[in-house]
Amino acid sequence: MRIARFSIDGNVAFGAVEGDSPPGTTEGLVLDIIKGIPFADFELSGTKVPLSKVRLLPPVLPNKVVAFGRNYAAHAKELGNEVPDTPFAFFKPSTSVIGPGDQIAYPSFSQELHHEAELAVVIGRMCREVPRERVKDVILGYTCANDVTARDVQKREKQWARAKGFDTSCPLGPWVETDVDPSDLTIQCTVNGQQRQLGRTSQMIHSIEDLIVNISEAMTLLPGDVILTGTPEGVGPLNVGDEVAVTIEGIGTLTNKVIKRG
Ligand code: MG
């Protein structure tokens, strides 16, 4: 099931996305409004609205986004970094999250903004110290993410709070897919329609199980929390006016435009 979060007539709701549409478009898609929330038992109301008539929001409002770095060998290498033996994580704050179609605001303190297409894991239930064999039980589903990074700031500041945590630096969406096997999906990033990144989730060094075991050993994960799993090679610049799209096979396409910060 594809679960979207959206606003309609001033209210926020979740809905199951039904129908098919050409890649990157929403034509022909319909939302069946969910009674309740997707983190508990829920029912479909049977009340349907065309997706084109609503505004999609970030599919979840995470309490925290935990992002793992250097989880694809070719990407670690392209930035001159070693591949870490153990996963390493950093945070993107909840205020960095934006939804599909929202604008990425180029920060005033950077001259080198980069895209990083990533598979995002959405946590479905409160958990900690999750054993490897229980990891699948704590996952609600998967969505697309862009770990937008001020690369120049990342290079000159020891902590990445500003470089990777500024407002609008975490586009998520377009929805959460609950029924996809994430182990070998194509992950792609285009800028203005031109391909920049192309990889497969099977190229991850540390698996989704490894990452969730690793982070839940340290902290409680809450429903709606998001885990970013690293980016494949091909990261590169974003400029004001660019349209950046992250597409993951079996999930969908997340598109955002870059604007000058007002
Ligand atoms: Mg990243």
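The values are calculated or read from the model by the stated rules, or taken from the named source; none is laboratory data. Nothing here was measured: the structure is a model prediction, and the numbers come from that model. Note that we place each Cβ from the backbone using ideal geometry, even for glycine, and neighbour counts take in every protein chain shown.
Here is a yes/no grid of residues against (1) in contact with a Cys (Cβ under 7 Å, 6 or more places away or on another chain); (2) at pLDDT 95 or above; (3) over 27 Å from Arg2 (Cβ atoms); (4) of a type in the set (S, T, N, Q):
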{"residue": "Lys48", "(1), (2), (3), (4)": "no, yes, no, no"}
{"residue": "Asn63", "(1), (2), (3), (4)": "no, yes, no, yes"}
{"residue": "Val66", "(1), (2), (3), (4)": "no, yes, no, no"}
{"residue": "Arg70", "(1), (2), (3), (4)": "no, no, yes, no"}
{"residue": "Phe88", "(1), (2), (3), (4)": "no, no, yes, no"}
{"residue": "Lys92", "(1), (2), (3), (4)": "yes, yes, no, no"}
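Only one of Gly80, Gly101 is part of a loop (DSSP other than H, G, I, E, B) and either under 30 Å from Asp9 (Cβ atoms) or of a type in the set (Lys, Arg) (or both); which? I'd like the intermediate steps shown before the answer.
Numbers: Gly80 fails: either under 30 Å from Asp9 (Cβ atoms) or of a type in the set (Lys, Arg) (or both).
That would be Gly101, the only listed residue that is part of a loop (DSSP other than H, G, I, E, B) and either under 30 Å from Asp9 (Cβ atoms) or of a type in the set (Lys, Arg) (or both).
The rows are residues; the columns are (1) under 20 Å from Thr178 (Cα atoms); (2) in contact with a helix residue (DSSP H, G or I) (Cβ under 8 Å, 6 or more places away or on another chain); (3) not in a strand (DSSP E or B).
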site: Ile3; (1), (2), (3): yes, no, no
site: Val12; (1), (2), (3): no, no, no
site: Ile33; (1), (2), (3): yes, no, no
site: Pro38; (1), (2), (3): yes, no, yes
site: Leu44; (1), (2), (3): yes, no, no
site: His75; (1), (2), (3): no, no, yes
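More than 21 Å from Leu222 (Cα to Cα) and assigned by TED's automatic domain parsing to the domain that holds Ser169, is that true of Leu79?
yes
So, in the stretch 188-217, of the ones that are of a type in the set (A, V, I, L, M) and part of a strand (DSSP E or B), which residue ends up nearest to the ligand (Cβ to nearest atom)?
Applying the filter and picking the extreme gives Met204.
Can you tell me which residue in the stretch 218-239 is surrounded by the most Cβ atoms within 10 Å (Cβ to Cβ), limited to those that are assigned to a loop (DSSP other than H, G, I, E, B) and within 16 Å of the ligand (Cβ to nearest atom)?
Here the residue is Thr231.
Taking only the stretch 25-51 into account, find how many residues are under 20 Å from Val246 (Cα atoms) and in contact (Cβ under 8 Å) with a residue 24 or more places away in the chain. Talk me through it step by step, then tell me what you get.
Filtering the stretch 25-51 down to residues under 20 Å from Val246 (Cα atoms) leaves 25-27, 29, 51.
Then keep just the ones that are in contact (Cβ under 8 Å) with a residue 24 or more places away in the chain; that gives 26-27, 51.
Adding up the residues that qualify gives 3.
Does Val83 qualify as being away from the ligand (no atom under 13 Å from the Cβ), surrounded by 15 or more Cβ atoms within 10 Å (Cβ to Cβ) and closer than 21 Å to Leu211 by Cα?
Spelling it out, it is not the case that Val83 is away from the ligand (no atom under 13 Å from the Cβ), surrounded by 15 or more Cβ atoms within 10 Å (Cβ to Cβ) and closer than 21 Å to Leu211 by Cα.
Tell me, which residue of the stretch 94-108 that is farther than 17 Å from Gly236 by Cα and in contact with an Asp or Glu (Cβ under 9 Å, 6 or more places away or on another chain) is nearest to the ligand (Cβ to nearest atom)?
Among those that are farther than 17 Å from Gly236 by Cα and in contact with an Asp or Glu (Cβ under 9 Å, 6 or more places away or on another chain), it is Ser96.
Mind checking which residues of the stretch 215-233 are of a type in the set (Gly, Ala, Ser) and touching a Leu at 6+ places or on another chain (Cβ under 7 Å)?
Gly224
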